[in-house]
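Comments concern the structure below.
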Amino acid sequence: MTDSPFAARLSRMSESATAAVFRRVAELRAQGVELISLSVGEPDFDPPAHVGEAMKRAIDAGLTRYTEVAGMAALRRAIAADSLARRGFEHGPDSIVVSAGAKHALFNLAQALFDHGDEVIVPLPAWGTYAEQVRLCGATPKLLPCRAEDGFLLQPQALAEALGERTKALILCSPCNPTGAAYGRAELEALAQVLRPHRAFVIIDEIYAGLTYDGFEQQSLLTVAPDLGDRIIIVDGVSKRYAMTGYRVGWLLASPAIARACEAIQSQCTTSITAPAQVAAQAALEGPQDAVEAMRAQFERRRKRVLEGLTAIAGLRVQPPRGAFYAFVDVRELAARGPAFGDDLAIARHLLDKARVAVVPGSAFDAPGYLRLSFAASDAELEQALERIGDALA
Ligand SMILES: Cc1ncc(COP(=O)(O)O)c(C=O)c1O
């Protein structure tokens with residue numbers, strides 16, 4: 001036994017970097033410091049009203065027991081119908097497992113698929129959770145940096161070079177947190193072409209699906225390459241599209257064999273997720289969708305304003321994101337200005353101390369030299385934040 005009381009697996013992974021920023025924001029606010037947080041990864045809107053009402057009705061009707069581990073049959077039918085409408089691919093209820101958020105669905109998948117010796121390709125910049133979950137399983141994340149010049153999209157050639165005997169899976173996120181990059185039809189076709197001769201699974205995180213801008217049309221690899229069917233695993237949920245982060249409902253769509261494996265793992269940790277939250281998620285999927293479009297339109301408007309504001313600040317460079325609700329800002333030019341601007345971590349600290357604006361350093365996404373700013377904040381907050389960032393960097 002070693003001196004540490006903790007399991008060795010804990011030393012292989014680190015805590016969520018965004019969680020560390022949230023903790024610092026909470027500490028400062030508790031000390032009475034007024035600050036604007038552009039570090040959040042959740043919509044600042046309320047869920048559609050009928051969602052909460054459905055949840056209340058479920059409680060009143062006594063829906064307070066365990067449900068099927070994989071999720072209530074009615075919710076899985078609603079998920080299948082939603083996915084068929086959006087992706088043109090039909091999954092049976094035995095291909096769906098409902099979990100406590102997309103993050104939990106990814107965790108079950110990692111536990112079910114990744115072993116010591118496996119490699120999992122993660123294009124960068126990426127949400128840190130992918131690589132940490134891979135490491136937790138004793139597998140190795142193969143981190144593939146994507147270039148800003150390529151719109152932060154994984155290039156077929158880079159994928160071809162990274163795929164090998166030990167590759168168990170590729171994890172794609174589209175639209176992507178933190179870059180907002182999203183794959184169009186031709187881009188997915190090119191990746192599918194490379195993937196076809198290999199056996200690797202493709203896990204696609206589509207949690208930001210539907211939140212795309214400037215007329216960009218969301219595409220799914222499942223629609224573009226249905227022949228890869230059993231190897232494609234979709235992860236999705238209600239957190240972003242319906243502003244339901246606190247309800248904790250997400251899911252995966254996969255082959256029945258993978259779904260069963262994930263269900264078995266979930267049966268030994270959470271059993272089913274909260275029953276009334278499942279009813280709320282069903283109401284979100286089956287109810288009117290106008291609130292989703294209204295939220296998307298607000299994000300599109302704010303995105304335009306934030307891009308204008310950031311571009312006007314000397315030393316910052318930013319590309320228009322195709323989707324999600326983040327601006328991923330290149331701050332490498334600022335590094336020449338002195339120690340306070342040494343790297344993205346120093347610049348994020350400087351903005352917190354001097355501008356009282358919280359942002360997430362790109363290092364949290366394995367992309368030093370960048371900052372992630374969320375535009376899931378009110379117009380007034382965004383205006384003030386832009387002004388204060390401009391002053392702090394002047
Ligand atoms: C890319 C990505 N996937 C998944 C999630 C988690 O979603 P959920 O709330 O459904 O667990 C997030 C949350 O920030 C995310 O950014």
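What you get for the chain, charging only the Cβ of Lys and Arg (+1) and of Asp and Glu (-1), is a dipole of about 360 debye around the Cα centre.
Between the helical axis of 379-393 and the longest alpha-carbon principal axis of the chain there is an angle of about 50 degrees.
Can you quote the Å³ per residue value for the convex hull of the Cα atoms in region 65-286, rounded to an integer?
With only Cα atoms used, region 65-286 gives 112 Å³ per residue.
Scalar couplings 3J(HN,Hα) for region 286-301, obtained by applying the Karplus form with A = 6.51, B = -1.76, C = 1.60 to θ = phi - 60°, are 9, x, x, 9, 5, 5, 5, 5, 4, 5, 4, 5, 5, 4, 5, 5 Hz; x denotes Gly and Pro. Between Y326 and F375, the built amide H atoms are under 5 Å apart, and every one of these is 5 or more places off in sequence or on another chain. Expressed per residue, the C-alpha convex hull volume of region 222-310 stands at 160 Å³. Within the set of other residues whose C-beta is less than 14 Å from the C-beta of R231, count the net charge using Lys and Arg as +1 and Asp and Glu as -1. It works out to a net charge of +1.
Take 388-394, 95-101, 217-223, 121-127 and order them by the average number of nearby Cβ atoms within 10 Å per residue, most first; the result is 95-101, 121-127, 217-223, 388-394. Here, P(r) means the percent of Cα pairs in each 10 Å bin from 0 to the largest distance; for the chain it is 5, 22, 32, 27, 13, 2, 0. Look at the dipole of the chain built from charges on Cβ: of L316, A377, P141, the Cα furthest out on the positive end belongs to P141. Take the Cα of Q384, step 7 Å toward its Cβ, do the same at S16, and the gap between the two points is 2.6 nm. Between 0 and 90 degrees, the angle of helix 185-195 with respect to the longest Cα principal axis of the chain falls at about 70 degrees.
Among residues other than Y370 with Cβ under 12 Å from its Cβ, the summed charge is -2 (Lys and Arg +1, Asp and Glu -1). Calculate the length of the line joining the C-alpha centroid of region 146-209 to that of region 64-93, in whole Å. Between the Cα centre of region 146-209 and that of region 64-93, the gap is 26 Å. Of the peptides 334-344, 300-310, the order by per-residue mean of other Cβ atoms within 10 Å, starting with the highest, comes out as 300-310, 334-344. For region 65-286, the Cβ-based charge dipole about the Cα centre amounts to some 460 debye (Lys, Arg positive; Asp, Glu negative; other atoms uncharged). Computed from Cα atoms, the angle from the helix 102-113 axis to the main principal axis of the chain rounds to 60 degrees. Region 335-394 and region 96-134 have their alpha-carbon centroids 29 Å apart.
Values quoted throughout were computed directly from the atomic coordinates according to the rules given, and no laboratory measurement underlies them. Model, not experiment: these values are computed from the prediction. Methodologically, a virtual Cβ is constructed for each residue, glycine included, from the backbone with ideal geometry; neighbour enumeration extends over all protein chains shown.
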